[in-house]
1. Would you list, by chain and number, the lysines whose Cα falls below 22 Å from the Cα of Lys74, excluding same-chain residues fewer than 8 positions away?
2. Would you mind checking which residues have amide H under 5 Å from Met183's amide H? H placed 1.01 Å from N; only 5 or more apart, or other chain.
3. Length gain on complete extension for the stretch Ser19 to Lys415, per 0.36 nm per residue less the alpha carbon to alpha carbon distance?
4. What's the whole-number percent of alpha carbon pairs in the chain lying beyond 32 angstrom?
5. Below 12 angstrom from the Cβ of His196, what's the summed charge of the other residues (Lys, Arg +1; Asp, Glu -1)?
6. Using the structure shown, list the pairs from Lys353/Lys456; Lys161/Lys353; Lys159/Lys218; Lys175/Lys219 with a Cα-Cα distance above 19 Å, or answer none.
7. Using alpha carbons only, how many angstrom separate the centre of segment 224-272 from the centre of segment 24-56?
8. Let's test the formula: R0 of 41 Å, r as the Cβ-Cβ distance of Glu69 and Gln355. What FRET efficiency results, to the nearest 0.05?
Amino acid sequence: QVPLKPGRSLMDWIRLTKSGKDLTGLKGRLLEVTEDELSKHNKKEDCWICIRGFVYNVTPYMEYHPGGEDELMKAAGTDGTDLFDQVHRWVNYESMLKECLVGRMAVKPIAALKGELLGVKYVLICSNKVYVFSLLYFLFYSYDWFQTDSLITIVIYTKQKDMNADLVIVDCQDKQLRGEIIMDDHSYLVEIDLDHAVSEDVAVNIAERVGKVEIILKKKDNVHWKNLGQPSEGHNTFIKRTDRGLFYRKCKLVSKTEVTHDTKLFCLMLPKGTHLRVPTGQHVYLKHIIAGTEVVKPYTPVLPFLPLDFQEDGVHIYLMIKIYSHGLFTQALDHLQIGDYISVSNPEGNFKKSQVQTSEDLLLLAGGTGFTPMVKLLNLALTEVSCLRTVKLIFFNKTEDDILWRNQLEQLALKDERFEVQFILSQPSKDWVGKQGKISPSLLSEFVKRSRRDSKVLICICGPAPFTEQGVQ
């Protein structure tokens, strides 16, 4: 993020979009934009960008963009979808930029895929999207269903031998069933408007060796179903997760606990009928309507406490969030009352447990609330990975009052001899006897060491962008 000029906050942008000012320069007209026309608008004072087939005039947004003008200019006059997905696919650009909409990209004719339907490619066209994917998916993904007097069972055959509960997400509310199976950067979807009502009790069974997933629903009435129901347009598809888009469900705030003077632990309860587990190293997005505009932010779930040996119940999601005095989103979160609802997305992230499971030394560098992804990582490392010899957390904060879960971390270090924690402060009081300073080569060289000369080391780092960049260097 970059410092913005006064009067250029997110709230100021929302006010501008609602002022009635013409932000496109087209006086309400919508255009069909060719690639040639798009490429002409590639300057700061005249910048158009295409995202998922829609073209926006982002010129008026330049000064409000938290990542700075240079980041936006990387996509000036081009299709910026891939860049957008890499950096912040979670941002609700449709809502944020709706007053900047220039129009759609002109559709190019699709050349016939001669003979490919019989070979290795399959084409699916729905809602102006064209998906081309390998016919191999049909060999690995299929589904069936059967019923008893009281149950409906949907069976998905994935042939994926490492299938586990983290890779299955199910939402069943009213008569809408959505089941998504994650496979790396792709996912398979079963999405159906059920023929009859079911109860809120949903069970998921997994046969790990053969990769079979069962979604078990309880009938509300013991009637014989003639059909499972009406499929949605995304039903029975196997596509990239970035093409799938984010799915949200409303979660209830059940508790809010103070952790430090400016950080709170929020406990959210998943709706009944939802099966969702957030894997280690992955995050979710919270979505909330502020001043009539949908605002979205990413957060990494934590556990409710340390020391460890905590088994997640699959019902609650815990988020440790720093409340900023001028933060539009965190202030809105802080004003939520117990019993209020907020939308929570499916998990996202590329972190793999195997990275930890094959390491001998694990070093965690955290700056402030960059500690949050380290919580589940510590749980995994110290309870499941026997080959780890050392686990070291180097935790950077401004003051002693900012240290999250200090007592719990110190207790954990006493409990497990493999674990060591080092607190480093950049603005310590005169009574502080520990290390002080900011992340630097000299500080890191003091603490970042192998337990043996040739041991395999994994270093994980999280914090504000300057902290992370300096640490990686």
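1. List returned: Lys5, Lys40, Lys43, Lys44, Lys98.
2. For Met183, the qualifying residues are Tyr188.
3. Working: separation 396, 0.36 × 396 = 142.56 nm, distance 5.85 nm.
Contour length minus Cα-Cα distance gives 136.7 nm.
4. Working: 56883 of 111628 pairs.
Distances greater than 32 Å cover 51 percent of the Cα pairs.
5. Details: positive: Lys175, Lys218, Lys219, Lys220, Lys226; negative: Asp174, Asp193, Asp195, Asp221.
Here the count lands on +1.
6. Numbers: Lys353/Lys456 15 Å; Lys161/Lys353 16 Å; Lys159/Lys218 26 Å; Lys175/Lys219 11 Å.
Pairs exceeding 19 Å: Lys159/Lys218.
7. Segment 224-272 and segment 24-56 have Cα centres spaced 34 Å from each other.
8. Values: r = 35 Å, r/R0 = 0.86.
With a Förster radius of 41 Å, E is 0.70.
The values are calculated or read from the model by the stated rules, or taken from the named source; none is laboratory data. Remember, it's a predicted structure, so these values are computed and weren't measured experimentally. With ideal geometry, Cβ positions are generated from the backbone for all residues, glycine too; neighbour counts draw on all protein chains shown. Accessible surface areas use protein heavy atoms only, side chains included; no ligands, DNA or RNA. Shrake-Rupley method; radii C 1.70, N 1.55, O 1.52, S 1.80 Å.
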